[in-house]
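Here the structure comes first, spelled out in structure tokens, and everything after it is commentary.
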Amino acid sequence: MSDEFEFADKGNKIIYEKEAKGFNPGLIVLLVVGGLMLMFLVGNYVLYSYAQKTLPPRKKKPVSKKKMKRERLKQGVSAPGE
């Protein structure tokens with residue numbers, strides 16, 4: 001009877017209370033959700049670092065001839081063939 005407690009009620013009824021054994025269900029849900037989020041974040045970081053090492057750098061979009069002509073006119077250099 002180490003984890004049982006006796007209380008005498010007003011009507012001399014004895015009430016036995018036992019301590020709850022096991023984990024709190026709310027704590028289990030919290031640990032599972034927290035663990036899944038941690039795994040997700042760690043997995044994303046690992047994939048990101050792997051991609052940074054292995055993938056080639058992104059290519060820039062080619063500048064259109066119209067934009068090149070406009071830039072050269074702004075700088076005061078005439079476009080070839082003009």
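Any residue in the stretch 18-41 that is at pLDDT below 95, among the aromatic types (Phe, Trp, Tyr) and in contact with a strand residue (DSSP E or B) (Cβ under 8 Å, 6 or more places away or on another chain)?
No - not one qualifying residue is present in the stretch 18-41.
Looking at the stretch 20-47 only, could you name the residues that are open to solvent by less than 90 Å² (accessible area, probe 1.4 Å), in a loop (DSSP other than H, G, I, E, B) and not small (Gly, Ala, Ser)?
Result: no residue meets the conditions.
Those residues that are part of a loop (DSSP other than H, G, I, E, B) and at pLDDT 80 or above, I need them from the stretch 64-82; list them, please.
Passing the criteria: only 64.
Under 6 Å by Cβ, and 6 or more places apart or on different chains, what pairs join a residue from the stretch 48-70 that is surrounded by 10 or more Cβ atoms within 10 Å (Cβ to Cβ) with one that is at pLDDT below 85?
These pairs meet every condition: 69/79.
The values are calculated or read from the model by the stated rules, or taken from the named source; none is laboratory data. These numbers were taken from a predicted model, which means no experiment stands behind them. When we count neighbours, we look across all protein chains shown, and the Cβ atoms used for this are built from the backbone with ideal geometry, even at glycine. To get the accessible areas, we keep the full protein, side chains included, count just its heavy atoms, and leave off ligands, DNA and RNA. Shrake-Rupley method; radii C 1.70, N 1.55, O 1.52, S 1.80 Å.
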